[in-house]
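A.B. asks: Provided herewith is a single structure, encoded as structure tokens, for subsequent inquiry.
The values are calculated or read from the model by the stated rules, or taken from the named source; none is laboratory data. Note that the structure is a prediction, hence the values are computed from the model and not measured. Note: ideal-geometry Cβ built from the backbone for every residue, glycine included; neighbour counts use all protein chains shown. Keep in mind that these areas ignore ligands, DNA and RNA; they rest on the heavy atoms of the full protein, side chains included. Shrake-Rupley method; radii C 1.70, N 1.55, O 1.52, S 1.80 Å.
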Amino acid sequence: MAFERGIKYYTKAEGSIKVNFPEDKTVCQYCPYARNEDSLKRWKCLLTGELLLYPFLSIGNECPLKLIDE
Ligand code: SF4
């Protein structure tokens, strides 16, 4: 079994992504990383795991995205 003696360290990684929100609709509803869990009637961010309370009104508190001024 892997990690029988516990995990000694973690190897970190990071990356960047770009999301195209339609016009000025910068809310989770239009983000491809928002998942609507129909059976539970809730929305979740696939990047952070955060439960999204207001996906039609805002982005998550832990959202890693930064808007780009163009
Ligand atoms: S929190 Fe950010 S990354 Fe996650 S679904 Fe919402 S807009 Fe997308």
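A.B. asks: When the convex hull of the C-alpha atoms of the chain is computed, what volume per residue in Å³ does it have? If you can, show how the numbers build up before the last one.
C.D. replies: Values: hull volume 10.3 nm³, N = 70.
Expressed per residue, the convex hull around the Cα atoms of the chain is 147 Å³.
A.B. asks: Where in the chain are there trypsin sites (Lys or Arg not before Pro) that are in a DSSP coil and have at most 10 other Cβ atoms within 10 angstrom of their Cβ? Intermediate values should be presented prior to the final figure.
C.D. replies: Values: sites: R5, K8, K12, K18, K25, R35, K41, R42, K44, K66; in loops: R5, K8, K12, K18, K25, K41, K66.
Filter output for the chain: R5, K8, K12, K18, K25, K41, K66.
A.B. asks: Put +1 on the Cβ of every Lys and Arg and -1 on every Asp and Glu Cβ in the chain; which of C45, G6, I17 then has its Cα farthest towards the positive end of the dipole?
C.D. replies: Farthest towards the positive pole: G6.
A.B. asks: Calculated FRET efficiency, I7 and L40, Cβ-Cβ r, R0 25 Å, to nearest 0.05? Don't skip to the end; give the middle numbers.
C.D. replies: Numbers: r = 30 Å, r/R0 = 1.21.
My answer for the efficiency is 0.25.
A.B. asks: Could you put E4, E37 in order of accessible surface area, largest first, with the 1.4 Å probe and the full protein assembly present? Write down the numbers at each step before the final one.
C.D. replies: Working: E4 140, E37 25 Å².
Result, largest first: E4, E37.
A.B. asks: 7 Å from Cα along Cα→Cβ at both K66 and E50: what's the point-to-point distance in nm?
C.D. replies: 1.6 nm
A.B. asks: Suppose every Lys and Arg Cβ carries +1 and every Asp and Glu Cβ carries -1, with no other charges. What dipole size does segment 30-70 come out with about its Cα centre, to the nearest 20 debye? Before the final figure, lay out the partial values.
C.D. replies: Numbers: 5 positive and 6 negative charges, 41 e Å.
Here segment 30-70 has a charge dipole of around 200 debye.
A.B. asks: Now a separate question. Check each of the chymotrypsin sites (Phe, Trp or Tyr not before Pro) in the chain and keep only those in coil by DSSP with at most 15 other C-beta atoms within 10 angstrom; list them in order. Each step should come with its number before you reach the end.
C.D. replies: Numbers: sites: F3, Y9, Y10, Y30, Y33, W43, F56; in loops: F3, Y9, Y10, Y33, F56.
Passing sites in the chain are F3, Y9, Y10, F56.
A.B. asks: Let me ask something else. What distance in nm lies between label points placed 7 Å from Cα along the C-beta direction at S58 and I17?
C.D. replies: Going by the 7 Å Cα→Cβ label model, 2.1 nm.
A.B. asks: Further question: Of the cross-linked pairs K25/K66; K41/K66; K44/K66, which ones have a Cα-Cα span greater than 24 Å in the structure shown? Please report the intermediate quantities before stating the final value.
C.D. replies: Values: K25/K66 14 Å; K41/K66 27 Å; K44/K66 19 Å.
In this structure, K41/K66 lie more than 24 Å apart at Cα.
A.B. asks: Treating the beta-carbon of each Lys and Arg as +1 and of each Asp and Glu as -1, no other charges, what is the dipole magnitude of the chain about its Cα centre, to the nearest 20 debye? Walk me through the numbers on the way to the answer.
C.D. replies: Values: 10 positive and 10 negative charges, 75 e Å.
Value, rounded to 20: 360 debye.
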